[in-house]
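Working notes for the structure below.
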């Protein structure tokens, strides 16, 4: 880790503390959002088996569904990844945070947006059932403000780097934040999207909000955390750069594959399918880069839960994205589109990839910042319950969704597809319960890493001392 | 600093161009699509109902897009661009936990059914997992003048008083009733037909009807098209939907009337001295002669009924009469 080693001398302990408390605060609020969002998710899972469970307007399924997705996206994943992004940007640039104050303002705005959005949706203020942009537009502007502050702060931090090069992590983290500002603007401006035009924008938005925001931030975290955990450089820096540019070029074009067989122009759908295949290039390039970095270190992996989390996340990235490519083919969309298979896919990617990556990143890096550790038992419990739970979840919905699609193709009465899904809905609830339990353990682990007994006074300071001696 | 500008600025510029190309420009272009033939803006009440639909996230389980695929034929003709002229926000949806609603105003025209179903879906469809929207209704001692209470089955009705819809429920049902596909000019329909994969209807072979009728097929068609109102038991719902069990028309030797009702639908019918206000949709446009014959024969031989069976040829003859 040449790039880290050189510059520490310019940093004071106050700067370390400021960075650590920003990182911890983002993590803590993200954890609360995770508990809330997945608690809501679990309640919804029960409703598939017992539709009268949790009656009334405030708990009706159609209001909880966007609350679950938006709280997961913009509460949990976004806030957690921005916290990680600040830490990675500052440390990999060997400098302090450009402005801790801006980071705190951003945190307040992110949380304000998520809280206001949740309340608005529960009161029935939904901006049109348009996936992931359901919050009323003024609330989405708050989120946009938080994003822009974050981008500014990240750029300022990296601009102060002590080395000439910009480490690859920062390409992804800053890029992802700026691109998402553009996505948010495209989505919020109302003047050009009516009727079918809005369908085109929805296709673009719902895919980009996921793949040009969470994916780059996660990949940026990988590129920093993996070398850190393994004490070896990334397998190929050039491959990482190649994946960066190909991802940027291909990903924005594939959104229309969410509306195959719809009245959107056929060429738009076909273009989306072609580039869905092209996405295999950055996905396989990126994943093999991570896997080759880990190669030959299986023994370390077994002893390090942070590595195990990241390993699962890399596999989740590889599988989930490859599955996405396959799903885009018309012949398979014919069976799977509009079924629960899609719900399985979105959890394989948002959970198996993004959530596991967030956890791996936090378990790897947060203790370095705070000097406090979570227990191995806590990490193990979290890991295994989350892994087994998500396995059950994804597999049951993949099988059930396929049956649902085939029922329709066979021309059975529609209600038969509802009846056939019932046992798979139950299994989804079982998987979901395990996942939720694992999040309770995660919350405990976060508590330990932020407020538990300190292992060392200031890990960074002591490491600097070691390095100075060396 | 230069490197930072190059990487961050360059990639952002590339992304902005792609966002423009794949998001904004298609958005602008497709917003200009003209309304299809007969496509009208909603009335004020229907528009209010659409807002209720959006606020309560109906769009997360119900799509409003019919694909040019065989399995979507039950929901109507394939959607075309002009159908969406007045649909902002768009409600195409991404999941079919429940059925597609593009053409629900035609497929289920009975307001009474919609009200019962909205109050508690299981009152009419026992296997349904849709939430109850009973909070869109009021329970009152007596229905206000000019308002008919929702005729709920006893098991689902409140112990005291009668159930009447709130304004929001009325708006929502008005919106659902407005969801009717406009027929397409013949030329466009021909193009759509060729794009269709083999529809399920093609599997009903003429031989099946030779030795009587295809009971399994008839039962499945009944479940898909009729049982939501007439119920799997054939007993209907008292005060809302007439029974088929022991029904005179169903048991009459001359099946002409029975066939006419299925082909053309019915409104304001009197069965066993009771008048049923809810409308039954016509099936002439959606079901083939063989399918209608299967349904009729299923009804005529189930629940202790013993009406004379009909053949697809007879249905075709009845169909020709009204043309």
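The values are calculated or read from the model by the stated rules, or taken from the named source; none is laboratory data. Keep in mind the model is a prediction, meaning the values are calculated, not measured. With ideal geometry, Cβ positions are generated from the backbone for all residues, glycine too; neighbour counts draw on all protein chains shown.
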Among the residues of the stretch B:141-182, what is the count of those that are surrounded by fewer than 19 Cβ atoms within 10 Å (Cβ to Cβ), in contact with a helix residue (DSSP H, G or I) (Cβ under 6 Å, 6 or more places away or on another chain) and within 21 Å of residue B:236 (Cα to Cα)? 2
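Matching residues to (1) surrounded by fewer than 24 Cβ atoms within 10 Å (Cβ to Cβ); (2) part of a helix (DSSP H, G or I); (3) without any contact (Cβ under 8 Å) to a residue 24 or more places away in the chain:
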residue: A:182; (1), (2), (3): yes, yes, yes
residue: A:186; (1), (2), (3): yes, yes, yes
residue: A:192; (1), (2), (3): yes, no, yes
residue: A:196; (1), (2), (3): no, yes, no
residue: A:201; (1), (2), (3): no, yes, yes
residue: A:224; (1), (2), (3): no, yes, no
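Does at least one position in the stretch B:78-88 carry a residue that is assigned to a loop (DSSP other than H, G, I, E, B), in the same structural domain as residue B:136 (by TED's automatic domain parsing) and on the phi > 0 side of the Ramachandran plot? Break it down into steps so the answer makes sense when it comes.
Pass one, the stretch B:78-88, residues assigned to a loop (DSSP other than H, G, I, E, B): B:78-80, B:85-88.
So of that shortlist, the ones also in the same structural domain as residue B:136 (by TED's automatic domain parsing) come out as B:78-80, B:85-88.
With on the phi > 0 side of the Ramachandran plot added as a condition, the list becomes none.
Scanning the stretch B:78-88 turns up no residue that is assigned to a loop (DSSP other than H, G, I, E, B), in the same structural domain as residue B:136 (by TED's automatic domain parsing) and on the phi > 0 side of the Ramachandran plot.
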Top-ranked residue of the stretch A:31-60 - restricted to ones that are touching a residue at least 60 places away in the same chain (Cβ under 8 Å) and in a loop (DSSP other than H, G, I, E, B), ranked as farthest from the other protein chains (Cβ to nearest Cβ): A:58
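Would you confirm, using the coordinates I've provided, whether residue A:82 is over 19 Å from the mean Cα position of the chain (by Cα) and assigned to a helix (DSSP H, G or I)?
Details: over 19 Å from the mean Cα position of the chain (by Cα): no; assigned to a helix (DSSP H, G or I): yes.
No; evaluated as a whole, the condition is false for this residue.
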Over the stretch A:339-386, the set of residues under 30 Å from residue B:91 (Cβ atoms) and touching a residue at least 60 places away in the same chain (Cβ under 8 Å) is A:339, A:340, A:341, A:349, A:350, A:351, A:353, A:354, A:355
If you check residue A:411 against the conditions, is it part of a helix (DSSP H, G or I) and within 14 Å of chain B (Cβ to nearest Cβ)? no
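Within the stretch A:188-211, track down each residue that is over 17 Å from residue B:93 (Cα atoms) and more than 7 Å from chain B (Cβ to nearest Cβ).
So in the stretch A:188-211, the residues over 17 Å from residue B:93 (Cα atoms) come out as A:188-192, A:208-211.
Selection gives A:188, A:189, A:190, A:191, A:208, A:209, A:210, A:211.
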Selection within the stretch B:114-135 - facing another protein chain (nearest Cβ under 8 Å) and either in contact with a helix residue (DSSP H, G or I) (Cβ under 6 Å, 6 or more places away or on another chain) or part of a loop (DSSP other than H, G, I, E, B) (or both): B:125, B:127, B:128, B:129, B:130, B:131, B:132, B:133, B:134
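Table: residues versus (1) surrounded by fewer than 23 Cβ atoms within 10 Å (Cβ to Cβ); (2) more than 17 Å from the chain's Cα centre (by Cα); (3) within 30 Å of residue B:263 (Cβ to Cβ).
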| site | (1), (2), (3) |
| --- | --- |
| B:29 | yes, yes, no |
| B:58 | no, no, no |
| B:65 | no, no, yes |
| B:75 | no, no, yes |
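Going by what's in this entry, would residue A:307 be described as out of contact with any strand residue (DSSP E or B) (no Cβ under 6 Å at 6 or more places or on another chain) and either closer than 30 Å to residue A:404 by Cα or within 14 Å of chain B (Cβ to nearest Cβ) (or both)? Working first, answer last.
On the way: out of contact with any strand residue (DSSP E or B) (no Cβ under 6 Å at 6 or more places or on another chain): yes; either closer than 30 Å to residue A:404 by Cα or within 14 Å of chain B (Cβ to nearest Cβ) (or both): no.
It is false that residue A:307 is out of contact with any strand residue (DSSP E or B) (no Cβ under 6 Å at 6 or more places or on another chain) and either closer than 30 Å to residue A:404 by Cα or within 14 Å of chain B (Cβ to nearest Cβ) (or both).
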Of the residues A:214, A:244, only one is within 19 Å of the chain's Cα centre (by Cα), touching a residue at least 12 places away in the same chain (Cβ under 8 Å) and away from chain B (no Cβ under 14 Å); which? A:214
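Anything in the stretch B:40-60 that is assigned to a loop (DSSP other than H, G, I, E, B) and in contact with a helix residue (DSSP H, G or I) (Cβ under 7 Å, 6 or more places away or on another chain)? List them, or say none.
Result: B:42, B:56, B:57.
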Exclusive hit being assigned to a helix (DSSP H, G or I), in the same structural domain as residue B:123 (by TED's automatic domain parsing), farther than 16 Å from residue B:123 by Cα and touching a residue at least 12 places away in the same chain (Cβ under 8 Å), set B:143, B:155, B:169: B:169
Scan of the stretch A:379-397 for residues that are over 12 Å from residue A:306 (Cα atoms), over 19 Å from the mean Cα position of the chain (by Cα) and buried (at least 21 other Cβ atoms within 10 Å of the Cβ), ordered by number: A:396, A:397
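Here's the yes/no breakdown for (1) surrounded by fewer than 23 Cβ atoms within 10 Å (Cβ to Cβ); (2) touching a residue at least 24 places away in the same chain (Cβ under 8 Å):
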| site | (1), (2) |
| --- | --- |
| A:66 | no, yes |
| A:69 | yes, yes |
| A:77 | no, yes |
| A:101 | yes, no |
| A:120 | yes, no |
| A:136 | yes, no |
| A:142 | yes, yes |
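For residue B:80, are the conditions met, namely being at the interface with chain A (Cβ under 7 Å from one of its Cβ atoms) and touching a residue at least 60 places away in the same chain (Cβ under 8 Å)? Step through it out loud before you land on a result.
On the way: at the interface with chain A (Cβ under 7 Å from one of its Cβ atoms): yes; touching a residue at least 60 places away in the same chain (Cβ under 8 Å): yes.
Answer is yes for this residue.
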Of the residues in the stretch B:92-118, those that are over 24 Å from residue B:231 (Cα atoms) and surrounded by 23 or more Cβ atoms within 10 Å (Cβ to Cβ) number 1
In the stretch A:153-166, which residues are away from every other protein chain (no Cβ under 11 Å) and either outside any helix (DSSP H, G or I) or closer than 19 Å to residue B:14 by Cα (or both)? A:162
